[in-house]
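Just so it is clear, none of the values below were taken in a lab; they were calculated from the coordinates. The structure presented is a predicted model; accordingly, all values stated were derived computationally and were not measured. Here the Cβ positions follow ideal geometry from the backbone for every residue, glycine too, while neighbour counts run over all protein chains shown.
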Amino acid sequence: MTVYIEDVLFENFLVTYLVLCMVYAILGNKPQKIRHIFSSVIGAGIALLYPLINISSLLLTLLKCGIGYVICLVAYKGSLKKQLLFYVLFLFITAVYGGINLMISYSIYGNFDTGKLPTLAIISILAIVTYLLNQCKKTLYKKKNVQNFVYDVVIKNDGKIVKTQGYLDTGNVLVDPKDNRPVALMGFKIFEKLCKDFSVSNFLTKSTNGLKNGHYINVKTATGENSILVFDVDFLEIKNSKEKVCISNPVFALSKVKITGFDCDVILNANYINGVNNV
């Protein structure tokens, strides 16, 4: 089997480059282009020498780990702690890529000889894996950020208690023009549990009988100006792992559209975090 030096250089350069891309993405750092390219060149050049080194497998593995650390030192500038984290991630992602190549080689040829795989196939596979891993990282990061704004919610009204989850929407700064109190939103599912005696005819006639401080306010939406039903409940508690807020007689608006996303039934007001109307 003929091995072309330019193929080995090209393949190892791109592999090192992709591994570093993934490590940068996980850490949320922007790569420094010159460092990134230079460290990839080192990885490609050293790969040519490995077949010429006649030492035991254990020593060769340790040598590769040492070279990997040098590559990381060149690629990333930071504190010792961050450099070590970068290096550990570099080794982990390298192992993941290597395992994927072995798996594909075995599924196609029935053995673990990755040398049979075409260079273009290897690079394409690693590029796809890099993209997928990066997307997973973004999804997990987004989910983590969203969870920071999800609260456990307890609403009490006329002896009824509803426990659910609410999303603290920093864009929701709606206030009741009657007294400038912040307004949260709830869907029909929660409204029906808290206000079972409020009939359909009340909606048709815009009657607010049976609701504490019930009235309609006008709000501007993407489709124009609409009126929404607002009312008081007896008590609201919102809490997560970091904080707890209790509010007496908070104002809620009945959302005309179904509240979707974040697995929440309530959209909380941004002013709640500032302690507005706290007990």
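Quick one: which residues, 5+ away or cross-chain, put their amide H under 5 Å from the amide H of F235? H built at 1.01 Å from N.
Distant-sequence amide H within range of F235: K156, N249.
Less than 9 Å Cβ to Cβ from K212, Lys/Arg counted +1 and Asp/Glu -1: what total charge do the surrounding residues give?
Combined, the nearby Lys, Arg, Asp and Glu give -3.
Within straight cross-link reach of K256, meaning Cα distance under 14 Å, which aspartates and glutamates are found once same-chain residues fewer than 8 apart are removed?
E192, E225, D265
Read phi for every residue in region 168-179 and hand back ³J(HN,Hα) as whole Hz from Karplus 6.51 cos²θ - 1.76 cosθ + 1.60, θ = phi - 60°, with x for Gly and Pro.
Working through the residues one at a time gives 7, 8, 5, x, 8, 10, 5, 10, 7, x, 5, 9 Hz.
Given contacts defined as C-alpha pairs under 8 Å and at least six residues apart, what's the relative contact order of region 149-274, whole-number percent?
37
For Y216 and Q135 in one chain, what is 0.36 nm times their gap in residues minus the Cα-Cα distance, to one decimal in nm?
Length difference between fully extended and current span is 24.8 nm.
How much FRET efficiency would the formula 1/(1 + (r/R0)^6) give for L62 and N240, where r is the Cβ-Cβ distance and R0 is 41 Å, rounded to 0.05?
The calculated FRET efficiency here is 0.30.
Which value, in Å to one decimal place, does the Kirkwood hydrodynamic radius take for region 31-80 when every pair of different Cα atoms is included?
So the Kirkwood estimate lands at 11.7 Å.
Beyond 31 Å between alpha-carbons counts as too far, so tell me which of K212/K239; K33/K64; K196/K220; K193/K242; K206/K239; K189/K239 fall in that bin.
Violating the 31 Å Cα-Cα cut-off are K206/K239.
When 1/r is averaged over all different Cα pairs and the result inverted, which Kirkwood radius in Å belongs to region 149-274?
14.8
Starting from the Kirkwood radius over alpha-carbon pairs of region 183-240, derive D by Stokes-Einstein at 37 °C in a medium of 0.692 mPa s and give it in µm² s⁻¹.
For the chosen part, D equals 254 µm²/s.
Could you pull out every residue, at least 5 positions away or on a different chain, whose amide H is within less than 5 Å of the one on R181? Hs are placed 1.01 Å off N in the peptide plane, and Pro or chain starts have none.
Residues meeting the criterion, in which the H sits 1.01 Å from N, are D176.
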